[in-house]
Every structure is written in C-alpha cells, then in structure tokens.
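Participant: Handing you a structure now.
The values are calculated or read from the model by the stated rules, or taken from the named source; none is laboratory data. Just so it is clear, the structure is predicted and the values come from calculations on it, not from any experiment. Every residue, glycine among them, receives a Cβ derived from its backbone with ideal geometry; neighbour counts consider all protein chains shown. When the accessible area is computed, the model is the full protein with side chains, heavy atoms only, and any ligands, DNA or RNA have been set aside. Shrake-Rupley method; radii C 1.70, N 1.55, O 1.52, S 1.80 Å.
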Amino acid sequence: MPSSQEEFSKKMSTMMTSMSWNAEGIKPKYNQFKYFAQEWKPDVIAIQETHLNSGDKLKLVNYTTYRTDKLTHRGGGTALLIRNSIDHYQNPIASDSFENPTIAIILPNSQQITVSSIYRPPRGFISKDEQNRIYSSNKNCIEVGDFNAKHRAWSLRRRNQNRNIINDYICNNNLILLAPPESTHFPHNSNNPKTLDFGVLKNYSSGDATSLNELCSNHNPVCFEIDINARFPAITKTLKTTNWMKFYDIVKGAIPDNLSIDSTKDFGEVINKITSVILTAINQFSKAKIINCPHNNLPSRITNKITFRNQIKKRWQITYEPRFKRKSTQLANEIKADMKQFDQDS
C-alpha cells in the first residue's frame, strides 16, 4: 500500500498541493522541516508561530519566502513559501486580528489565486471586515493555517468564542471548509486533542486535508490537495543569489523618508509601493543558476524515530505517565544528535 507521501507526490497535474504547520518555533526544528519539505515537495508552504526575529533566516532551496515577524513580543510570526517555478507576486492585506502573509499566484490560464498563511492568536475576536478584505482581494482565494477556533463542524472538542464567527462567515459567503478528520493540535498541558488547523476556500469545491504525525511540535503539519483545474509548471531546481549592496542603494533612494498614512487605504497603498520597490530591486540584482544535484532525504531510521517520538509524546499528553515523558525527551535528544551527524556526513 502506498504511503501518504507517495500519494501526495503522485497528485493530478490540476492539483495545488500545500502544507500548513504551526512550528511552535522553527529554528531548532529547521533541519527536520527542510528534509520534510524536500521529500513532500508542496507547491506552497504556510508556517505559523515561527518565533523568528528580523535578523533570522528562513530559506529553502527552490522556494521564495515571505514573512511577517512578530516584533513587539515573543511568539507568533508567520511565513509563506512558494516554489520558484510558480509565477506569483506578494499581495499584502492589512489585518489587526490575523498574521497573514499573502501572495497572488498567476496560473498559466491567466487566472489568479490569493493564498494566505493564517495565524490568529488565542485571544481576541476575529474581525469580519478583515475576512472581507482577504476574500474580496481576488475571485479565487485559499486560506490555510492555525485559526485557533473550535467548532463541531471541524473539531471534536469544546467550542470557543470565535467558533461561530468563522463558521457563520463560511456558511453566509458560500465558502468551503477544508479540515482534516484527524486532530491537529495536541496541547502540552492537557489530554484534549483538537483541530485548530484547516483551510477555507473561495470558488474551489474539491480538495483533501490530512493531519500528519510528522515533525516535532504540538501541532501536526496538515497537507492539502486542492483541485484548481489548472496545470502548474514543473519543479525547477535553482539557487538565487542577490547583490545586497546594490539592492540597498536602489531601495534607499526609491523609498521616501517620511510617508504620510492617514487611513487604512493609505496604509495599503504604502505597503504596495514599498513591496514593488523591493521586488523590483531584488529581480534587478539577482542571478539564478540551475542545481543539478539531487536533494538528500532523511534516512528511514531518523524519520521513523521522529514518528515514534511524536507517538510517545502524545501518549504522555493523554496519560501523564512519567515514563512516557522521559522516553519522549530521550528520543528528542537522539533525533537532535542524529540530525547533526547526518548534516555533517551529507
């Protein structure tokens, strides 16, 4: 029987594949994530709770990264990575209740899709106006991520205050909920797994979502297959380098020192202008070269150990037996050492 990864890789050419993952801090888990992404090869990767500062790097070969870092306090932070071979542009959408890096994908048939990586912190209410802003940005829209909302339509556990806001918005606007049947969130301090990570689609009606027992976090990564009825270009293996000194000179001269912002509309226009300047400078002073060497996949002894560690950790979250906690910690240390050795040998 083929594995979930094999089925995911053998997708129809009209399927857009994406992965969403609340990393709960990606820096110590980056190597696991890198090999996981290279093996599954999704078209789009949405990451929540990156916990990255502006000086931290988040790069993946053959992908372009867009980020919204949390600058005021610890936690939060989102990222959206897209394959370089897919035509797209950044499409910022102002929001106070969501962290939502957003891009617009340009399909070969000239249609466009707005894709957002959503993270909503546990506290506060969801704004319908901000939802309207996202879904009015394009005819076709896809949101995936951690909504921190529980409703019986997608989660078995008790509901929370934002459940009806999202559910009513989906129902009243003819949107499609795309949630995995399995739980996605396994809290550290309780034995109540729930589904907080899902997708919402506008003008797409067909797709699948699967919660995977992979990677080390209290959230499982969720893989989506969405029927967009358009053919994506083949994966290209390229490495892009940028002359940052020339980039700095161009950006410094093109962006005014004092920008006037009096309204939400002004804010959006300023963001679009700055984004245009940055993207133009990057394209002007960047070079790409084709990479012919294959990626190294993690050996099965490491991937099996990661899966086993997640199973033991979730068993501890249900039973609170100390032996499971000790075994989970032991396996986490072994995985860290195995990853370090594998990188040195590669």
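Participant: What percentage of the solvent-accessible surface of region 11-127, computed with a 1.4 Å probe over protein heavy atoms, is contributed by carbon and sulfur atoms?
Facilitator: Ligands and nucleic acids excluded, carbon and sulfur give 49 percent.
Participant: Rank by packing, highest mean first: peptides 115-125, 303-313, with packing defined as the count of other Cβ atoms within 10 Å averaged across residues.
Facilitator: For the peptides 115-125, 303-313, the packing ranking is 115-125, 303-313.
Participant: Express the carbon and sulfur contribution to the solvent-accessible surface of region 300-345 as a percent, rounded to the nearest whole number, probe 1.4 angstrom.
Facilitator: The value for region 300-345 is 52 percent carbon and sulfur by accessible area.
Participant: What residue among 100, 89, 53 has its Cα farthest toward the positive end of the dipole of region 29-105, where the charges are +1 on Lys, Arg and -1 on Asp, Glu, each on the Cβ?
Facilitator: With unit charges placed on the Cβ atoms, the residue in question is 53.
Participant: Over region 17-85, give the accessible area per residue in Å² for a 1.4 Å probe, as an integer.
Facilitator: Result: 38 Å² of accessible area for each residue.
Participant: Hey, can you grab everything whose amide H is under 5 Å from the amide H of residue 102? Only 5+ residues off in sequence or another chain; H modelled, so Pro and N-termini drop out.
Facilitator: 91, 93
Participant: Something else now. Can you give the FRET efficiency to the nearest 0.05 for residue 210 and residue 38, using r as the Cβ-Cβ distance and R₀ = 22 Å?
Facilitator: The formula returns an efficiency of 0.75 here.
Participant: Give me the distance in nm between label points sitting 7 Å out from Cα along the Cα-to-Cβ direction at residue 192 and residue 246, one decimal.
Facilitator: Distance between label points: 5.7 nm.
Participant: Need one word for region 13-227: rounded, prolate or oblate. Basis is the Cα gyration tensor (sqrt eigenvalues a ≥ b ≥ c); a/c below 1.5 gives rounded, then a/b vs b/c decides.
Facilitator: rounded
Participant: A further question follows. So which of 29/336; 34/59; 41/314; 57/252; 27/246; 128/202 end up more than 19 Å apart by C-alpha?
Facilitator: In this structure, 41/314; 57/252; 27/246 lie more than 19 Å apart at Cα.
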